[in-house]
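The values are calculated or read from the model by the stated rules, or taken from the named source; none is laboratory data. Everything numeric here is computed off the predicted structure, so don't read it as measured data. Cβ placement follows ideal geometry from the backbone for every residue including glycine, while neighbour counts extend to all protein chains displayed. With ligands, DNA and RNA removed, areas are computed over all heavy atoms of the protein, side chains included. Shrake-Rupley method; radii C 1.70, N 1.55, O 1.52, S 1.80 Å.
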Amino acid sequence: MALLDLLGRRWGLRVLWELQEGPLTFRALQAACDGVSPTVLQQRLKELRAARLVVHDGGRGYVLTEAARRLQPNLMALHDWAEDWAKDGGSEEQE
């Protein structure tokens, strides 16, 4: 539940998604996340570092840890499921 809480926070999952291709500086990560506010991005990075999913690697920027890399296939499975779900009409709001 703690992981779902962390990933469910605004921009948390997006940060991990953007870092899957390699390291990004703070500014590059902010741009990749459609201009998330610096305050929110800093808070998410702090939380992801505390969870040992992201580290700051000096000149290269932020990078996923081995733990986060092991999480990636599970996130991709969720992504694939969501794509199929959306094609099938997604959720129907009930009134």
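Being over 10 Å from the mean Cα position of the chain (by Cα) and touching a residue at least 24 places away in the same chain (Cβ under 8 Å) is a property that Pro38 lacks.
Checking each residue in region 51-94 for being farther than 18 Å from Gly8 by Cα and β-branched (Val, Ile, Thr) picks out Val55, Val63, Thr65. Counting only helices (runs of 4 or more DSSP H) that sit wholly inside the chain, those with at least 2 residues that are at pLDDT below 90 and open to solvent by 80 Å² or more (accessible area, probe 1.4 Å) are 2-8, 66-87. Among the residues of region 4-30, the ones that are over 23 Å from Gly58 (Cβ atoms) and without any contact (Cβ under 8 Å) to a residue 24 or more places away in the chain come to 5 in all.
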